[in-house]
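Rule-based calculations on the coordinates, nothing more; no lab input. If you're wondering where the values come from, they're calculated on a predicted model, not measured in any experiment. Here Cβ is always computed from backbone atoms with ideal geometry, including for glycine, and neighbour counts include all displayed protein chains.
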Amino acid sequence: MFKILVTFIVALSTPVTLSAQDRFSIQVNETFDDMSFAVENAILNHGLVIDSVSHVGDMLARTSKDVGGENDIYVNARTYNFCSAMLSREVMALDPTNISYCPYSIYVFTTTEDPDETVIGHQLFLYPEMSEVNDLLRDIVLEATDY
């Protein structure tokens, strides 16, 4: 119990700052629909199954008035959620709390400020044992964008 309490206190007292360095993304001059299709195919090409697709842009647009939103952020925005059984087992064997990173996610969006550009990317996991997961996610993004 003491270890849990100490961990909780340390977690609360540790500042977390997210920046562009916490994400890997590529901006392309392609349509949202084409890039969404490319991401789906890249995930499947790696032998993975898409567990869910979150329609983040639709949710934000639908709830905008309810939460005081004045402007739409996205024209379109989705996240594709999936796991790799092999990589997940490896990283969770190293640290069972790595379960918090599963499922992995690739995002695709176009903004209202720049609707002709589509951004594809993923969160970078900062722990060394997650490097293979970062590699997989980067490879999927690069395949989808043909880099």
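For the pair Ile26 and Leu44, the difference between a 0.36 nm per residue extended length and the Cα-Cα distance amounts to 4.5 nm.
Positive end of the dipole of segment 23-106 (Cβ unit charges, origin at the Cα centre): among Asn98, Ala42, Phe32, the Cα lying farthest that way belongs to Asn98. When the chain is treated as a GNM with alpha-carbon contacts under 10 Å, the residue of Asn81, Asn29, Asn134 showing the greatest mean-square fluctuation is Asn29.
Scoring 64-70, 103-109, 37-43 by mean Cβ neighbours within 10 Å over their residues and listing the highest first yields 103-109, 37-43, 64-70. Computed per residue of the chain from DSSP H runs no shorter than four, each worth -39500 (n - 2.57), the mean residue ellipticity at 222 nm is -12000 deg cm²/dmol. Do any GluC sites (Glu not before Pro) in segment 75-138 lie in a DSSP loop with no more than 11 other beta carbon atoms within 10 Å, and if so, which? Here the GluC sites (Glu not before Pro) that fit, given the DSSP loop and packing criteria, are Glu113. Taking every pair of alpha-carbon atoms in segment 26-144, give the share separated by more than 24 Å as a whole percent. When all Cα pairs of segment 26-144 are counted, 32 percent exceed 24 Å.
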